[in-house]
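Participant: I'd like to ask you about the structure that follows.
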Amino acid sequence: MTEHSDIDHVSGRATTGHEWDGIKELNTPLPRWWVITFYLTILWAIGYWIVYPAWPLLWSHTTGIWNYSTRAEVATDLANLEKIRGDKMVALGAASLEEIEKNPALLALARARGKTVFGDNCAPCHGSGGAGAKGYPNLNDDEWLWGGSLDQIMQTIQFGARSGHQKAHEGAMLAFGKDGVLKKDEIVTVANYVRSLSGLPTAAGYNAAAGAKIFADNCASCHGENGKGNQELGAPNLTDKIWLYGSDEATLVETISNGRAGVMPAWVGRLDPSTIKALTVYVHSLGGGK
Amino acid sequence: MNKTVNPTDLQLDDDGPLYAARKKVYPQSVSGSFRRTKWGLMAFCLGVYYLLPFARWNRGLGAPDQAVLVDLPNSRFYFFFIELWPQEVYYFTGLLIVAALTLFLMNAVGGRIWCGYLCPQTVWTDLFYAVERWVEGDRRERMRKDAAKGTITFRRAGEIALKHSIWLMIAWWTGGAWVLYFTDAPTLVWQLLTFQAPMIAYIWIGILTATTYIFAGWMREQVCVYMCPWPRIQAALTDEWALNVTYKYDRGEARTSLKKATDLRALGQPVGDCIDCYQCVAVCPTGIDIRNGPQLDCIQCGLCIDACDTVMTKIGRETRLIGYDNDINIHRRQEGKPPIYRIVRPRTITYAALIAAVGAVMLYALLTRSLLDINVLHDRNPVAVKLSDGSIRNAYTVRLLNKRGFDRVIAIDADGPINATLHVVGADSVTQDRPMIILARDTTTELRLLVTAPAENNPEKSVPVHFRVTDIGLGEVASATDHFVSP
Ligand code: SF4
Ligand code: SF4
């Protein structure tokens, strides 16, 4: 027995020899299984260090012997997800656009799928919610350069506009100033006339009759006699409140002088057919679809 | 006082082994009122646990008809007439609070009565002891058989095998009952019998079989003494009024043998009632001597009370030398005052009031919870859209919840100061300008709502819009408010 050995007289049991303010600590050893379990947890921890990535190093970390990585797990999960999605996308591919919109389950799927694909591919130009920007149409409103029906939207997504694809929408705003068709003052006059078409105020002293004449001679062939536009040619309606590039005089003069020919890429070949369908339904459901 | 000094303890010091080998406990069978109570509670608890999954509850076509069901794949919890959704887990929080408070209340009234009578560890251990006793005999026999380890006879091996098989069968069925709470019980039983059940079911049965077998068969009182946190917590929560299994040393001491006690009494000398027969120690499932005073290892099962009462009856002394009592009374009796028991006191009243309050809040929430709900999220990009005719449109993502077990037709309205029109993408129909939606039973549905204010009503700043959904059949209404903004 060591010097600490001491029997507590009340309980008749050995104490640890530790004493605080006259209170002695009984020696109450742990049960054997408890101690064994404790050592096993230590062994387990050591095994864990070896098997799994555990130690952060300055530039990296230990990788463990099983090459376990949460990143690899995510990759597997994503691959599985892709597989599950594959089956559902087949159902989407088999249905017509109208059928998709009528079927709540397919509509929800198309909207969800469309939203992610839109975010990955379309958002850089049209904005994450399809709100557009100067020169990039807002897909939430009800003005469509090339038509807002399901079929027309799909057509535009597939082949784009001025994209170089042979089925792409063609037709551009001509550069009336640069090409010398109209003189500077004529351009200002017709710009004011165009503003008047949608009820915007015109510059003081502008000649309305002259504006109408210039418009009829040069612009009506595309934009229509009343300026209502022509979706065949992608010519915008000039009488409404929506302006792709802006409605102030300076912007209009710039548009008329130098023309406009924004490009929408063709997505056929880059996105698979059912994804394009999903995207079509998504864009249509944003609220502008006809 | 006559204290038991265990010689092995005396060798334990700083240089001794870190651990002590477990001393096996051989509780003796006993009969009496506490033992009967324990049998009754055991039958009730195990009956509920094993049979509840088979109780049926009609929830209509297509809905599960199991009374208690945790439907993990569909994130639903069914309890008789209650169906909870994932976002309603706070009911479980409430339930846990009530459970904790109930435990406190039990502790304030009767110490560790939960441990002694209702805790699963106690219930299953008790059952396993009963099996052991039935197969191997009572305390003395078991001690004798264990001591004769070296000479295992054919008969002895058979006994051991039989005991462990019965234990494993009980453990297996314990795990089996567990998984039945997670899917349709009769179907799963059939699948289990034909080995067609999902892997996860077998895994869980395996885990619970192992834990039951190890905890109730091998670890027993060790779980209560070394693993369970409750004894420590309850020691901090208890007070001097709580009734605990107590050896009334004021009455029992000085203990002496029956013969000596009789002789001394004949001489008119004072002598205690305890005849040092060790019956209370023999029956104790944690193997302690309650006469050493209150101790952490005591699970308050009351079996020592039954044992001592039997002894007292036999020797013609008053029963309840060991009984549910408190320290205050020991001192009062020593001073010649009558014992007092105080169940109703500030502590118990507080716990009871808290339980009632939490219970009332939960009940109120449960009775008034809506079975039709609407959540609205305003589009952020763009927040507002100008249309070609100059009107302004805001879009919202709306989630509708139908917690009823049948499909229903819902009309959607949007009211606000702007006289706006409402369009729902994917509406099933439009009746009198109100978009109509068919909400499938027991699901949530997400919709896109477009609210358009005509040009002349364009608001200057953000104005509130109230969305209202009305069940056409039942007239149930739910609403939510959001804002309409201009670009
Ligand atoms: S001392 Fe008595 S009440 Fe406590 S565990 Fe043992 S038998 Fe049960
Ligand atoms: S059973 Fe009663 S009489 Fe016997 S030792 Fe225990 S307290 Fe004393």
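The values are calculated or read from the model by the stated rules, or taken from the named source; none is laboratory data. These numbers were taken from a predicted model, which means no experiment stands behind them. Don't worry about glycine lacking a Cβ; one is built from the backbone with ideal geometry, like all the others, and counts go over all protein chains shown. With ligands, DNA and RNA removed, areas are computed over all heavy atoms of the protein, side chains included. Shrake-Rupley method; radii C 1.70, N 1.55, O 1.52, S 1.80 Å.
Participant: With the structure loaded, tell me whether B:Arg265 is closer than 18 Å to B:Ile315 by Cα, in contact (Cβ under 8 Å) with a residue 60 or more places away in the chain and not small (Gly, Ala, Ser) or whether it fails that test.
Facilitator: no
Participant: Strands (runs of 3 or more DSSP E) wholly in the stretch B:52-117 with at least 2 residues that are among the aromatic types (Phe, Trp, Tyr) and crowded, with 18+ Cβ neighbours inside 10 Å - which ones?
Facilitator: Fully inside the stretch B:52-117 and qualifying: B:76-79.
Participant: Being touching an Asp or Glu at 6+ places or on another chain (Cβ under 9 Å), charged (D, E, K, R) and open to solvent by less than 50 Å² (accessible area, probe 1.4 Å) is the filter here, so list the residues in the stretch A:125-175 that pass it.
Facilitator: If the condition is that a residue be touching an Asp or Glu at 6+ places or on another chain (Cβ under 9 Å), charged (D, E, K, R) and open to solvent by less than 50 Å² (accessible area, probe 1.4 Å), then A:Asp142, A:Glu143 are the ones that fit.
Participant: Then there is this: Looking at the structure I just gave you, is B:Gly316 open to solvent by less than 20 Å² (accessible area, probe 1.4 Å), of a type in the set (Gly, Ala, Ser) and either in contact with a strand residue (DSSP E or B) (Cβ under 9 Å, 6 or more places away or on another chain) or within 13 Å of ligand 2 (Cβ to nearest atom) (or both)? Lay out the reasoning, then the answer.
Facilitator: Details: open to solvent by less than 20 Å² (accessible area, probe 1.4 Å): no; of a type in the set (Gly, Ala, Ser): yes; either in contact with a strand residue (DSSP E or B) (Cβ under 9 Å, 6 or more places away or on another chain) or within 13 Å of ligand 2 (Cβ to nearest atom) (or both): yes.
Against the criterion (open to solvent by less than 20 Å² (accessible area, probe 1.4 Å), of a type in the set (Gly, Ala, Ser) and either in contact with a strand residue (DSSP E or B) (Cβ under 9 Å, 6 or more places away or on another chain) or within 13 Å of ligand 2 (Cβ to nearest atom) (or both)), B:Gly316 does not qualify.
Participant: Just checking, which of B:Leu363, B:Leu354, B:Leu367 is part of a helix (DSSP H, G or I), under 24 Å from the mean Cα position of the chain (by Cα), away from ligand 1 (no atom under 15 Å from the Cβ) and in contact (Cβ under 8 Å) with a residue 24 or more places away in the chain?
Facilitator: Among B:Leu363, B:Leu354, B:Leu367, only B:Leu354 is part of a helix (DSSP H, G or I), under 24 Å from the mean Cα position of the chain (by Cα), away from ligand 1 (no atom under 15 Å from the Cβ) and in contact (Cβ under 8 Å) with a residue 24 or more places away in the chain.
Participant: Then there's this: Could you check, for the stretch A:224-247, whether at least one of its residues is modelled with pLDDT under 95 and assigned to a helix (DSSP H, G or I)?
Facilitator: no
Participant: Tally the residues that are in contact with a strand residue (DSSP E or B) (Cβ under 6 Å, 6 or more places away or on another chain) and either more than 25 Å from A:Leu92 (Cα to Cα) or away from every other protein chain (no Cβ under 14 Å) (or both), restricting the search to the stretch A:114-157.
Facilitator: 3
Participant: Report, by residue number, each residue of the stretch B:247-299 that is more than 14 Å from every other protein chain (Cβ to nearest Cβ), of a type in the set (A, V, I, L, M, F, W, C) and within 12 Å of ligand 2 (Cβ to nearest atom).
Facilitator: Answer for the stretch B:247-299, where residues must be more than 14 Å from every other protein chain (Cβ to nearest Cβ), of a type in the set (A, V, I, L, M, F, W, C) and within 12 Å of ligand 2 (Cβ to nearest atom): B:Ala254, B:Leu258, B:Ala261, B:Cys274, B:Ile275, B:Cys277, B:Cys280, B:Val281, B:Ala282, B:Val283, B:Cys284, B:Ile290.
Participant: Can you work out which of the residues in the stretch B:188-201 that are of a type outside the set (Gly, Ala, Ser) and open to solvent by less than 70 Å² (accessible area, probe 1.4 Å) is farthest from the chain's Cα centre (by Cα)?
Facilitator: So in the stretch B:188-201, the residues of a type outside the set (Gly, Ala, Ser) come out as B:188-196, B:198-200.
Next cut, open to solvent by less than 70 Å² (accessible area, probe 1.4 Å) only: B:188-189, B:191-192, B:194, B:198.
Values: B:Leu188: 24, B:Val189: 25, B:Gln191: 28, B:Leu192: 27, B:Thr194: 32, B:Pro198: 27 Å.
Restricting to residues being of a type outside the set (Gly, Ala, Ser) and open to solvent by less than 70 Å² (accessible area, probe 1.4 Å), the top hit is B:Thr194.
Participant: Among the residues of the stretch A:25-51, which ones are of a type in the set (Phe, Trp, Tyr) and in contact with a helix residue (DSSP H, G or I) (Cβ under 9 Å, 6 or more places away or on another chain)?
Facilitator: Of everything in the stretch A:25-51, those that are of a type in the set (Phe, Trp, Tyr) and in contact with a helix residue (DSSP H, G or I) (Cβ under 9 Å, 6 or more places away or on another chain) turn out to be A:Trp33, A:Trp34.
Participant: Among (1) in a strand (DSSP E or B); (2) within 14 Å of another protein chain (Cβ to nearest Cβ), where does B:Asp389 come up short?
Facilitator: Answer for B:Asp389: the failing condition is (1).
Participant: What's the number of the condition A:Leu200 fails, among (1) over 27 Å from A:Ser128 (Cα atoms); (2) more than 14 Å from chain B (Cβ to nearest Cβ); (3) open to solvent by 50 Å² or more (accessible area, probe 1.4 Å); (4) not basic (Lys, Arg)?
Facilitator: Against the list (1) over 27 Å from A:Ser128 (Cα atoms); (2) more than 14 Å from chain B (Cβ to nearest Cβ); (3) open to solvent by 50 Å² or more (accessible area, probe 1.4 Å); (4) not basic (Lys, Arg), A:Leu200 comes up short only on (2).
Participant: Shifting gears a bit: Which residue is most open to solvent (accessible area, probe 1.4 Å), if the candidates are limited to the stretch A:80-100 and must be of a type in the set (A, V, I, L, M) and touching a helix residue (DSSP H, G or I) at 6+ places or on another chain (Cβ under 8 Å)?
Facilitator: A:Val90
Participant: Separate question: What residue, among those in the stretch B:194-249 that are assigned to a helix (DSSP H, G or I) and of a type in the set (Ser, Thr, Tyr), is nearest to B:Asp184 (Cα to Cα)?
Facilitator: Going through the qualifying residues, I end up with B:Tyr202.
Participant: Now a separate question. Could you check the stretch A:203-222 and list, in sequence order, the residues that are open to solvent by 50 Å² or more (accessible area, probe 1.4 Å) and part of a helix (DSSP H, G or I)?
Facilitator: Hits for the stretch A:203-222 are A:Ala208, A:Ala209, A:Lys213, A:Ala216, A:Asp217, A:Ser221, A:Cys222.
Participant: Pull out all pairs, ordered by first then second residue, where Cβ-Cβ is under 9 Å, the residues are six or more apart or on different chains, the first lies in the stretch B:283-300 and is more than 21 Å from B:Lys38 (Cα to Cα) and touching a residue at least 60 places away in the same chain (Cβ under 8 Å), and the second is within 14 Å of ligand 2 (Cβ to nearest atom) and not in a loop (DSSP other than H, G, I, E, B).
Facilitator: So the pair list comes out as B:Asn292/B:Tyr247.
Participant: To continue, here is another question. Which residue out of A:Gly12, A:Gly22, A:Gly17 is open to solvent by 50 Å² or more (accessible area, probe 1.4 Å), over 25 Å from the mean Cα position of the chain (by Cα) and among the small types (Gly, Ala, Ser)?
Facilitator: On the way: A:Gly12 fails: open to solvent by 50 Å² or more (accessible area, probe 1.4 Å); A:Gly17 fails: open to solvent by 50 Å² or more (accessible area, probe 1.4 Å).
The match here is A:Gly22.
Participant: Which residues, taken from the stretch B:434-452, are in contact (Cβ under 8 Å) with a residue 24 or more places away in the chain and away from chain A (no Cβ under 14 Å)?
Facilitator: Taking the stretch B:434-452 first, the residues in contact (Cβ under 8 Å) with a residue 24 or more places away in the chain are B:435-452.
Within the stretch B:434-452, B:Asp442 is the sole residue that qualifies.
Participant: Looking at the stretch A:62-79 only, could you name the residues that are under 17 Å from A:Gly47 (Cα atoms) and open to solvent by 90 Å² or more (accessible area, probe 1.4 Å)?
Facilitator: A:Ile65, A:Trp66, A:Asn67
Participant: Give the residue, chosen from B:Ile328, B:Ile349, that is open to solvent by 80 Å² or more (accessible area, probe 1.4 Å) and within 24 Å of B:Met106 (Cβ to Cβ).
Facilitator: It is B:Ile349.
Participant: Among the numbered criteria (1) exposed (fewer than 15 other Cβ atoms within 10 Å of the Cβ); (2) modelled with pLDDT of 90 or more; (3) charged (D, E, K, R), which single criterion is violated by B:Arg393?
Facilitator: So the condition that B:Arg393 fails would be (1).
Participant: So which of B:Trp167, B:Trp173 ends up being open to solvent by 50 Å² or more (accessible area, probe 1.4 Å) and part of a helix (DSSP H, G or I)?
Facilitator: Sole residue among the options that is open to solvent by 50 Å² or more (accessible area, probe 1.4 Å) and part of a helix (DSSP H, G or I): B:Trp173.
Participant: For the stretch B:36-93, name all the residues that are without any contact (Cβ under 8 Å) to a residue 40 or more places away in the chain, touching a strand residue (DSSP E or B) at 6+ places or on another chain (Cβ under 9 Å) and among the β-branched types (Val, Ile, Thr).
Facilitator: B:Val89
Participant: Taking the stretch B:460-479 only, how many residues are within 41 Å of the chain's Cα centre (by Cα) and in a loop (DSSP other than H, G, I, E, B)?
Facilitator: Qualifying residue count, the stretch B:460-479: 4.
Participant: Right, another one. Report yes if some residue within the stretch B:372-379 is in contact (Cβ under 8 Å) with a residue 12 or more places away in the chain, farther than 30 Å from B:Ala453 by Cα and either of a type in the set (Gly, Ala, Ser) or more than 14 Å from ligand 2 (Cβ to nearest atom) (or both); otherwise report no. Write out each step before concluding.
Facilitator: Just the residues of the stretch B:372-379 that are in contact (Cβ under 8 Å) with a residue 12 or more places away in the chain, to begin with: B:372-379.
Narrowing further to those that are farther than 30 Å from B:Ala453 by Cα: none.
Taking every residue of the stretch B:372-379 in turn, none turns out to be in contact (Cβ under 8 Å) with a residue 12 or more places away in the chain, farther than 30 Å from B:Ala453 by Cα and either of a type in the set (Gly, Ala, Ser) or more than 14 Å from ligand 2 (Cβ to nearest atom) (or both).
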